[in-house]
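Asks: Below is a structure I'd like to ask you about.
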Amino acid sequence: MRTGADPPRRLAPLLWTLLALFVLRVAGQALVAFFDVDFLPPMQEWYSGLLAYKYLLPSQVVIIALMTKICLDFTRNRGFFVEPRRFFGVHWLYFGYLYLAVMVARYPVSMYLHPEARWFGGTLPIFFHWVLAAFVIAVGHHHRGQLKSP
């Protein structure tokens, strides 16, 4: 049940901005991977290597599609991702906090393990994980605010 918190449309500009940042990241990496553009950082700056790029890119496209659906729901002020759901207000939100904490911790660990990369070497993947975590947290906060206290 809605409790009268801020309408979802107020959150839509933030969500669209975070989506746009992520789309730019995916597009930038694709330009480097497929077209060898030299005005962007090299592939090793975009890519942590944990997942082969042939699998990473399709997963990023799926993430973009999901984020777009969420943004559309918030813009229209209706839809699956706007209706108050305990899952999003609790589990999704805590996942977002954990995800952000791990990615924030990843930065000093990366700098310690790769001192030659200080301060900004290899930080593109970390920064964009922060962007994704912020998106998850923002949606989770919306749901938390819409649900009645237990």
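The values are calculated or read from the model by the stated rules, or taken from the named source; none is laboratory data. Because the structure is predicted, anything quoted here is derived from the model rather than measured. All Cβ positions, glycine included, derive from the backbone under ideal geometry; neighbour counts span all protein chains shown.
Asks: Name the single residue that is nearest to ILE137 (Cα to Cα) among those in the range 35-81 being outside any loop (DSSP other than H, G, I, E, B) and of a type in the set (Gly, Ala, Ser).
Replies: My answer is ALA65.
Asks: Looking at LEU14, LEU19, LEU24, can you tell me which residue is in contact (Cβ under 8 Å) with a residue 12 or more places away in the chain, surrounded by fewer than 16 Cβ atoms within 10 Å (Cβ to Cβ) and either small (Gly, Ala, Ser) or part of a helix (DSSP H, G or I) (or both)?
Replies: That would be LEU14, the only listed residue that is in contact (Cβ under 8 Å) with a residue 12 or more places away in the chain, surrounded by fewer than 16 Cβ atoms within 10 Å (Cβ to Cβ) and either small (Gly, Ala, Ser) or part of a helix (DSSP H, G or I) (or both).
Asks: Which residue out of TYR107, TYR97 is within 18 Å of the chain's Cα centre (by Cα) and under 25 Å from ARG10 (Cβ atoms)?
Replies: Selected residue: TYR97, the only one of TYR107, TYR97 that is within 18 Å of the chain's Cα centre (by Cα) and under 25 Å from ARG10 (Cβ atoms).
Asks: Do we find that TYR97 is surrounded by 13 or more Cβ atoms within 10 Å (Cβ to Cβ), touching a Phe, Trp or Tyr at 6+ places or on another chain (Cβ under 7 Å) and under 20 Å from PRO125 (Cβ atoms) in this structure?
Replies: So TYR97 fails the test.
Asks: Where the second residue is hydroxyl-bearing (Ser, Thr, Tyr) and surrounded by 13 or more Cβ atoms within 10 Å (Cβ to Cβ) and the first is part of a helix (DSSP H, G or I) and at pLDDT below 80 and lies in the range 111-133, which pairs have Cβ atoms under 8 Å and are six or more apart or on separate chains?
Replies: Hits for this filter: ALA117/SER110; THR123/TYR107; THR123/SER110.
Asks: When the residues of the range 39-52 are narrowed to those that are closer than 19 Å to MET111 by Cα and surrounded by fewer than 13 Cβ atoms within 10 Å (Cβ to Cβ), which ends up modelled with the highest pLDDT?
Replies: Only one residue fits best here, namely PRO42.
Asks: Let me ask something else about it. For THR68, which of the numbered conditions (1) of a type in the set (Ser, Thr, Tyr); (2) surrounded by fewer than 16 Cβ atoms within 10 Å (Cβ to Cβ); (3) at pLDDT below 95 fails to hold?
Replies: In the conditions (1) of a type in the set (Ser, Thr, Tyr); (2) surrounded by fewer than 16 Cβ atoms within 10 Å (Cβ to Cβ); (3) at pLDDT below 95, THR68 misses (3) alone.
Asks: Considering only residues that are surrounded by 12 or more Cβ atoms within 10 Å (Cβ to Cβ) and without any contact (Cβ under 8 Å) to a residue 12 or more places away in the chain, which ones fall in the range 53-65?
Replies: Of everything in the range 53-65, just one residue is surrounded by 12 or more Cβ atoms within 10 Å (Cβ to Cβ) and without any contact (Cβ under 8 Å) to a residue 12 or more places away in the chain, namely LEU56.
Asks: Pull out all pairs, ordered by first then second residue, where Cβ-Cβ is under 6 Å, the residues are six or more apart or on different chains, the first lies in the range 29-44 and is without any contact (Cβ under 8 Å) to a residue 12 or more places away in the chain, and the second is surrounded by 11 or more Cβ atoms within 10 Å (Cβ to Cβ) and part of a helix (DSSP H, G or I).
Replies: Taking only residues 6 or more apart or on different chains, the pairs are VAL37/LEU31.
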